[in-house]
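The values are calculated or read from the model by the stated rules, or taken from the named source; none is laboratory data. Given the structure is predicted, the values throughout are model-derived calculations rather than measurements. Ideal geometry is used to build each Cβ from the backbone, glycine not excepted, and the neighbour counts take in all protein chains shown. For accessibility, only protein heavy atoms count, side chains too; no ligands or nucleic acids. Shrake-Rupley method; radii C 1.70, N 1.55, O 1.52, S 1.80 Å.
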Amino acid sequence: MLSQRVEKALNDQIRVEAESSQVYLSMASWAEVKGLEGISQFMYKHSDEERMHMLKLVKYVNERGGHAHISDLKAPKTDFGSFQNMFQELYEHEIFVSNSINELVHVTLEEKDYATHNFLQWYVAEQIEEEALARTILDKINLIGNDKGGLYLFDRDVQQITVESAAAANPEE
Ligand code: FEO
């Protein structure tokens, strides 16, 4: 059984993941309208992943005798200025999510809920990867600067950027 405090903290995280999915969906739509096809596909996929993060939590809460709450969500903004700014916001959003996961892990330790603590390790590992991926993308954007050819290639290839490929390209890191 989940303690009330752990159940509430998990429900809060369900909302964070759902709102993350909405944020990236809004980014996908903005990029699509701007003709940034590759970036848009990247964001649609990222939005789906956040929904999967949310669903995994919903299933866990209900399996443990709790009740996962599906709440209303804060509407994301609809304009991101530039794709460079958008990826900066993605990075900052992932740091916010990591902090939220860390707080949640802290609650499970205080409540001595080692099963939930164990379950959350997947999210801890996932956040390390998501932050690394976002940093890699920002590095690439900085390298490109205002080079039009570079921007074209970035939009074409952004879906292929993974944490593994980034590490292979920068072995000194
Ligand atoms: Fe579910 Fe991108 O954190």
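Miscellaneous remarks
- Identification of helices (runs of 4 or more DSSP H) wholly contained in region 68-173 with 3 or more residues that are at pLDDT below 95 yields 114-144, 148-157, 163-169.
- For region 155-163, the condition of being surrounded by fewer than 12 Cβ atoms within 10 Å (Cβ to Cβ) and within 16 Å of the ligand (Cβ to nearest atom) holds for none of the residues.
- Residues in region 2-25 that are of a type in the set (Ser, Thr, Tyr), open to solvent by 10 Å² or more (accessible area, probe 1.4 Å) and closer than 24 Å to residue 82 by Cα: 21 alone.
- Hits in region 78-114 - residues which are under 19 Å from residue 33 (Cβ atoms) and within 16 Å of the ligand (Cβ to nearest atom): 86, 87, 89, 90
Condition check ((1) more than 20 Å from residue 77 (Cβ to Cβ); (2) in contact with a His (Cβ under 6 Å, 6 or more places away or on another chain); (3) of a type in the set (Asp, Glu); (4) in a helix (DSSP H, G or I)) across all residues:
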residue: 2; (1), (2), (3), (4): yes, no, no, no
residue: 7; (1), (2), (3), (4): yes, no, yes, yes
residue: 10; (1), (2), (3), (4): yes, no, no, yes
residue: 13; (1), (2), (3), (4): yes, no, no, yes
residue: 24; (1), (2), (3), (4): no, yes, no, yes
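- Note on region 26-47: residues that are surrounded by fewer than 14 Cβ atoms within 10 Å (Cβ to Cβ) and either within 14 Å of the ligand (Cβ to nearest atom) or outside any helix (DSSP H, G or I) (or both) amount to 2.
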